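Here the structure comes first, spelled out in structure tokens, and everything after it is commentary.
The values are calculated or read from the model by the stated rules, or taken from the named source; none is laboratory data. The shown structure was predicted, so the numbers you read here are calculated from the model rather than taken from an experiment. Backbone-built Cβ (ideal geometry, glycine too); neighbour counts: all protein chains shown.
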Amino acid sequence: MNSKNISTAKQFLITPLMVIIIAAVCFVLSDFIGYKVVSYILLVSVSLIAMFFDILPVLIAAMLSALIWDFFFIPPRFTFNVGTNEDTLMLAMYFVVALVNAVLTYKLRQMEKLARQREEKANTIKLYNVLLNSLSHELKTPIATIIGSTDNLLTEGTILTEENKINLLKEISIASVRLNEQVENLLNMSRLESGYIKPKVDWVDVDELMHSAANKVEDKAKNHTIIVKVNAALPLFKLDYGLMEQVLYNLLSNALNYTESGTVITIIADCTSQIKGHFTGDDNHPDSKRDSVNSSLIIEVSDTGKGFPDDEINQVFDKFYRLKDSKTGGTGLGLSIAKGFVEAHRGTIHLTNQKEGGALFIITIPSEISYLNRQRNE
């Protein structure tokens, strides 16, 4: 329960009602527990109320509990008169303790809230510094490469050999692609944070999707082997092609960047589904399709590298998180974006280390499927 989610007017209604309900229960049991025990129960109740509500409703609850204890429980009952001096002193102490307890409990909650805010601010500053350091490297490096190469072409273009010019152009191209990747990551993260991501789903051939993602990292994969395995009977799926291509691209890039040369990266796609016993249309109609129940696309991306440290495996999807012993470079956004895009499809992504070594990402996305539409495309 959070007082921020409850209006002040409702708090003024809820807190007295809670005191009255607790007092009613105590009244039923008063012959067994005695009126002195009731005072402790009411004090504890006020303390609990103070943990969740604002100070004014809590003070009213404290005073109300004292009046109820006096009227319904202290002899003589059903009157505000107090029978003995001892009970008078107890009632006065109850008033003081209830009010002080309510104030102190509320103040303690405020101090804890302030401590959390300071901690969140410190974490935000730390996160900002990490991002700034990453961006200073990841953005400045390709920019410096582009500026340096273009300056050479402009100032020394007449004395450079054709081979030198081609090499400089290659450097510009590589740096431009790297710069574009980082900008795309930042833009995608902004879209995720704003809740703007809404998949535009259409029928997707997963085999085509996976090969397209693999082709995009072809330049990075010169020292690696990428194997794509797709079930030949796989149907079409209702997905956002662009988002899922980015997911696979980020997973492949992560594997290529953080595994040694010679590592084998494998992408596998399959489907789990329970098919309904009817068609929408007929077998001869080109737009006919078979619906399914509990259909899910399963994509596995694995590698033969060293895998992830066990104590960090639950943090790899956090924004800007980079493994402690990882090489310099990278903003730590790739896996976080992949997770966000998968969840935008109402799917899940899970990371584990394989027994034989290497990392394994498992993506599960619930989706409509179509077998006949695939046949039509083929």
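Note on the range 212-239: residues that are at pLDDT 90 or above, surrounded by fewer than 20 Cβ atoms within 10 Å (Cβ to Cβ) and out of contact with any strand residue (DSSP E or B) (no Cβ under 6 Å at 6 or more places or on another chain) total 3.
For the range 346-360, the set of residues classified as surrounded by fewer than 18 Cβ atoms within 10 Å (Cβ to Cβ) and in a loop (DSSP other than H, G, I, E, B) consists of 346, 354, 355, 356, 357, listed by residue number. Restricting 107, 36 to residues that are surrounded by 12 or more Cβ atoms within 10 Å (Cβ to Cβ) and modelled with pLDDT under 85 narrows the list to 107. The set of residues from the range 240-254 being in contact with a strand residue (DSSP E or B) (Cβ under 9 Å, 6 or more places away or on another chain) and within 17 Å of residue 178 (Cβ to Cβ) comprises 252, 254. Which of the residues spanning the range 37-68 are touching a Ser or Thr at 6+ places or on another chain (Cβ under 8 Å) and of a type in the set (Ser, Thr, Tyr)? Within the range 37-68, 45, 47, 65 qualify. Under the condition of being under 13 Å from residue 301 (Cα atoms) and over 21 Å from the mean Cα position of the chain (by Cα), the residues counted in the range 226-251 number 5. Which condition does residue 102 not pass, out of (1) surrounded by 16 or more Cβ atoms within 10 Å (Cβ to Cβ); (2) farther than 30 Å from residue 46 by Cα; (3) modelled with pLDDT under 85, if it passes all the others? Result: residue 102 fails condition (2) only.
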